[in-house]
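Bear in mind these aren't lab numbers, they're just calculated from the coordinates by the rules spelled out. These numbers were taken from a predicted model, which means no experiment stands behind them. Please note: Cβ atoms are built from the backbone with ideal geometry, for glycine as well, and neighbour counts cover all protein chains shown.
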Amino acid sequence: MKRLYLAALVFIIFVFAVSCGKAAVKKVSEDSKIATETFAVVDDIKEAYIRKDISGLEKDTTSEGLRAITGVMKTFDSAELNFSPIFVEIDGGNVDLNVSWKGVWKSGEKTTEERGMAVFVFKGMPLKLDAILRGNPFKYPE
């Protein structure tokens, strides 16, 4: 009899432990999806800039956003850009992405290193870069 009670107790503890051990699956919020899309678009723009691929830039920018990049773009042999997202502000159809950036540009024998803060303004769906506020990382090397 004692063995039966002990076996039942072990079974109940086992079932309780297994049923309570599952982690709850949380849905991804809409803001999180938008922020993730914003990071991907910024990365695509950065890669297109490094490759000097204007058609790649056109794909992810509005006409004003393209002008913000190509209007200040200088010639370089190679470039490295690193963006660190700081803050994403989502307001209806507009997304502002604050980034800290660091870049190294090589042009001939000259190497230029710069860093700064920029605000990338995105509009529309799918998101497209519309403006760059503050320190534009695409205007180097000066």
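Taken over the range 86-138, the residue count meeting the criterion of being acidic (Asp, Glu), surrounded by fewer than 14 Cβ atoms within 10 Å (Cβ to Cβ), out of contact with any Leu (no Cβ under 9 Å at 6 or more places or on another chain) and part of a strand (DSSP E or B) is 2. When each of 56, 92 is tested for being farther than 19 Å from residue 135 by Cα, free of Cβ contacts under 8 Å to residues at least 12 places away in the same chain and of a type in the set (Gly, Ala, Ser), the lone residue that passes is 92. Residue 141 passes every criterion in (1) in contact with a Ser or Thr (Cβ under 8 Å, 6 or more places away or on another chain); (2) more than 16 Å from residue 41 (Cβ to Cβ); (3) assigned to a strand (DSSP E or B) apart from (3).
Please specify each residue of the range 63-81 satisfying the condition of being touching a residue at least 12 places away in the same chain (Cβ under 8 Å) and either surrounded by fewer than 13 Cβ atoms within 10 Å (Cβ to Cβ) or closer than 14 Å to residue 105 by Cβ (or both). Hits for the range 63-81 are 72, 73, 74, 75, 76, 77, 78, 79, 80, 81.
Can you tell me which residue is farthest from the chain's Cα centre (by Cα) among those in the range 45-60 that are under 20 Å from residue 95 (Cα atoms), outside any loop (DSSP other than H, G, I, E, B) and charged (D, E, K, R)? Selected residue: 58.
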